[in-house]
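Presented below is the structure to which this report refers.
The values are calculated or read from the model by the stated rules, or taken from the named source; none is laboratory data. Treat the numbers as computed from the prediction; the structure is a model and nothing was measured. Positions of Cβ are generated from backbone atoms using ideal geometry, with glycine treated the same way; all protein chains shown enter the neighbour counts.
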Amino acid sequence: MDLSQEIEKLVAARCAWRQRLNAVISDGSSDLSVENLKLDNRCEFGKWYYGLPAVQRDSEQGRKIQELPAAFHVGIARVFALALAVRKTVHAKAWLPAASFSHSAAS
């Protein structure tokens, strides 16, 4: 596989996150751990990057290459956590009786 095909494959994998996020929002759950999502060494890019010799990873260019995917993983983990929290909050509020929040119920 040439470099352009590799890049296309990695871009497609990143686009799949939109579908996963939509599923989290609609289902309110995920089989993915928010903590694991923060890790940038488990995806295909991370496996490739961390498989490079240390001298390449530790170079200025190597560190720059790693910054964007690492930030992506932290960001997507935050979005997943927020989506799960919002979904749980909305779901929990739906179970609370409306009368318990009214002024007359407190009297």
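Annotations for the structure displayed:
- Restricting the range 45-60 to residues that are in a helix (DSSP H, G or I) and hydroxyl-bearing (Ser, Thr, Tyr), the residue that is surrounded by the fewest Cβ atoms within 10 Å (Cβ to Cβ): 50
- Residue within the range 37-44 that is over 16 Å from residue 80 (Cβ atoms) and part of a helix (DSSP H, G or I) present: yes
- If the condition is being in contact with a helix residue (DSSP H, G or I) (Cβ under 8 Å, 6 or more places away or on another chain), without any contact (Cβ under 8 Å) to a residue 24 or more places away in the chain and of a type in the set (A, V, I, L, M), then the range 33-79 contributes 52, 65.
- Qualifying residue in the range 2-18 (condition: among the small types (Gly, Ala, Ser) and not in a helix (DSSP H, G or I)): no
- Flag if residue 90 is modelled with pLDDT of 85 or more, surrounded by 10 or more Cβ atoms within 10 Å (Cβ to Cβ) and not small (Gly, Ala, Ser): no
- Whichever residue in the range 9-26 is loosely packed, with under 12 Cβ neighbours inside 10 Å and over 14 Å from the mean Cα position of the chain (by Cα) and, among such residues, is nearest to residue 65 (Cα to Cα): 11
- Residue 57 being at pLDDT 90 or above, basic (Lys, Arg) and closer than 19 Å to residue 6 by Cα: yes
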